[in-house]
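J.: This is the structure, below, for whatever I ask next.
The values are calculated or read from the model by the stated rules, or taken from the named source; none is laboratory data. The model shown is predicted, which means the values in this text are computed figures rather than measured ones. Ideal geometry is used to build each Cβ from the backbone, glycine not excepted, and the neighbour counts take in all protein chains shown. When the accessible area is computed, the model is the full protein with side chains, heavy atoms only, and any ligands, DNA or RNA have been set aside. Shrake-Rupley method; radii C 1.70, N 1.55, O 1.52, S 1.80 Å.
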Number of protein chains: 2
Amino acid sequence: MQFNPSEPDGRNNTLKSGINSTGLPEPNKKYQVPARCGVAVRLKKGQAITIENTHGTQVCDFWAFQDQNNNEFLSMADTRMCLESIFPKTGDNIVSNTRRPMFKIIEDTSPGYHDTLMACCDLNRYKLLGCKGYHDNCTDNLRMALMAIGLKAPLIPNPLNLWMNIPVSEDGSTSFKPTVSRPKDWVKMVALSDLVAVMSSCPQDMTPINGLNKKPVELNFFVTGR
Amino acid sequence: MQFNPSEPDGRNNTLKSGINSTGLPEPNKKYQVPARCGVAVRLKKGQAITIENTHGTQVCDFWAFQDQNNNEFLSMADTRMCLESIFPKTGDNIVSNTRRPMFKIIEDTSPGYHDTLMACCDLNRYKLLGCKGYHDNCTDNLRMALMAIGLKAPLIPNPLNLWMNIPVSEDGSTSFKPTVSRPKDWVKMVALSDLVAVMSSCPQDMTPINGLNKKPVELNFFVTGR
């Protein structure tokens with residue numbers, strides 16, 4: 001079967017859990033990214049988004065596209081190159097696939113382990129882990145969160161995996177560990193251009209990245225400025 | 001200006017250095033990837049490509065697309081996740097953005113430091129390093145190598161950077177070091193489906209990744225099987 005980047009492999013409540021049909025947020029209003037689902041939000045240049053790890057155990061897959069050209073998107077490979085680090089931290093700009101800064105990270109109350117290495121989970125990830133049938137996944141959440149505000153994923157960029165704890169050993173081997181963040185830790189990022197951001201409360205419940213009890217939960221977020 | 005993934009920011013000899021207009025190789029014939037240029041080659045399932053680091057100092061940016069669907073391409077983020085390592089090695093499969101194995105690495109005479117973390121260089125990379133005017137770059141080489149056989153880059157995937165030496169420290173910081181490979185080291189990979197592979201002799205001459213004397217040189221390759 002031919003791979004179509006825009007088309008979900010299955011459906012979940014992400015199609016109905018958008019903040020509204022435009023994705024335009026009400027400033028200072030607290031919104032939820034429901035457990036196992038995704039939400040898209042439009043940000044204007046200068047607005048900040050604060051994402052709260054409500055229970056401390058939850059990974060947030062995070063993507064962004066330029067509002068006027070979705071061929072330009074947040075790129076981890078370019079971010080690592082610009083930062084000369086695999087860990088973006090407070091004060092850093094995270095950049096697009098043209099190396100244009102898209103966000104500045106201005107607050108991070110967590111210990112700062114955010115993954116830039118791993119692809120977002122997709123249905124094939126869960127099949128390879130032994131899952132039969134459909135499993136919620138961040139790739140589909142991205143697709144459906146964009147569909148919920150009338151957009152299409154032109155491709156599936158590699159996300160910034162907030163709070164995802166992937167240590168890299170000296171020999172290059174990686175491991176999938178529980179988050180080291182705490183309840184109510186937050187990350188605050190300022191948008192440096194008009195863009196569409198998407199968050200997914202990662203539905204991974206077959207490895208311990210969302211805590212040793214492998215229970216995906218909700219995240220909160222709000223937008224400030226303008 | 002809107003980002004167009006298919007359109008080169010400038011031109012070089014890559015447009016004329018294709019092996020022929022179809023990209024179909026003559027088995028066992030040695031071809032060159034000229035210094036600072038790129039070459040595309042079509043591989044049938046079961047054919048192997050051997051890439052030779054002729055002088056030992058040269059990084060080869062390497063990409064692949066499924067021949068019948070260029071939305072499916074070699075993906076470093078998915079490869080890292082499947083291998084649980086940032087360093088692919090002999091015996092490993094490297095996979096597409098659907099986690100389908102695209103190649104098996106069957107021989108590697110080098111010490112095995114191949115980078116999966118860094119975006120390919122583009123014109124903006126050289127501007128950020130202080131370059132004025134045009135500079136050859138791997139992104140444009142990918143675009144032009146595909147144009148030379150009548151194709152278009154649908155996007156710019158993050159490449160497998162053969163022989164590129166990017167150590168990662170315990171704190172996550174990365175550095176750009178000269179290759180540790182030797183003259184005539186080679187990597188041999190078997191194609192696991194029909195695909196289009198692209199190689200670029202990285203034109204980086206402002207950091208020491210292509211050796212301390214910063215002199216990009218040519219690579220050789222040949223295809224065996226069928």
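J.: Evaluate the following for B:PHE73: is it within 14 Å of chain A (Cβ to nearest Cβ), modelled with pLDDT of 95 or more, open to solvent by 20 Å² or more (accessible area, probe 1.4 Å) and assigned to a strand (DSSP E or B)?
T.: Spelling it out, B:PHE73 is indeed within 14 Å of chain A (Cβ to nearest Cβ), modelled with pLDDT of 95 or more, open to solvent by 20 Å² or more (accessible area, probe 1.4 Å) and assigned to a strand (DSSP E or B).
J.: I'm trying to understand the selection: among the residues of the range B:36-56, which are part of a loop (DSSP other than H, G, I, E, B) and either among the small types (Gly, Ala, Ser) or closer than 25 Å to B:LEU123 by Cα (or both)?
T.: Within the range B:36-56, B:ARG36, B:CYS37, B:GLY46, B:GLY56 meet the criteria.
J.: Every residue in the range A:202-223 that is within 26 Å of A:PRO101 (Cβ to Cβ) and either touching a Pro at 6+ places or on another chain (Cβ under 6 Å) or buried (at least 18 other Cβ atoms within 10 Å of the Cβ) (or both), please.
T.: Correct list: A:CYS202, A:LEU219, A:PHE221, A:PHE222, A:VAL223.
J.: Right, here's the next one. Can you pull out the residues in the range A:130-161 that are among the aliphatic types (A, V, I, L, M), open to solvent by 30 Å² or more (accessible area, probe 1.4 Å) and touching a Lys or Arg at 6+ places or on another chain (Cβ under 9 Å)?
T.: Result: A:ILE156, single match.
J.: Looking at this structure, is B:GLY172 free of Cβ contacts under 8 Å to residues at least 12 places away in the same chain and open to solvent by less than 10 Å² (accessible area, probe 1.4 Å)?
T.: yes
J.: Another one. Within the range A:107-129, take every residue that is part of a loop (DSSP other than H, G, I, E, B) and open to solvent by 40 Å² or more (accessible area, probe 1.4 Å) and give me the one that is nearest to the other protein chains (Cβ to nearest Cβ).
T.: A:TYR113
J.: Collect the residues in the range B:147-164 that are closer than 20 Å to B:VAL59 by Cα and more than 12 Å from chain A (Cβ to nearest Cβ), keeping them in residue-number order.
T.: B:LEU162, B:TRP163 - these are the residues of the range B:147-164 that are closer than 20 Å to B:VAL59 by Cα and more than 12 Å from chain A (Cβ to nearest Cβ).
J.: Could I ask something else about it? Might you let me know whether the range A:55-65 holds any residue that is more than 9 Å from every other protein chain (Cβ to nearest Cβ), among the acidic types (Asp, Glu), under 21 Å from A:PRO34 (Cα atoms) and open to solvent by 20 Å² or more (accessible area, probe 1.4 Å)?
T.: So far as the range A:55-65 goes, no, none of its residues is more than 9 Å from every other protein chain (Cβ to nearest Cβ), among the acidic types (Asp, Glu), under 21 Å from A:PRO34 (Cα atoms) and open to solvent by 20 Å² or more (accessible area, probe 1.4 Å).
J.: Where residues in the range B:76-97 are of a type in the set (Gly, Ala, Ser) and open to solvent by less than 10 Å² (accessible area, probe 1.4 Å), which of them is farthest from the other protein chains (Cβ to nearest Cβ)?
T.: The extreme case among them is B:SER96.
J.: With (1) farther than 23 Å from B:SER17 by Cα; (2) touching an Asp or Glu at 6+ places or on another chain (Cβ under 8 Å); (3) among the basic types (Lys, Arg) as the list, and B:LYS127 as the residue in question, which single condition is left unmet?
T.: (2)
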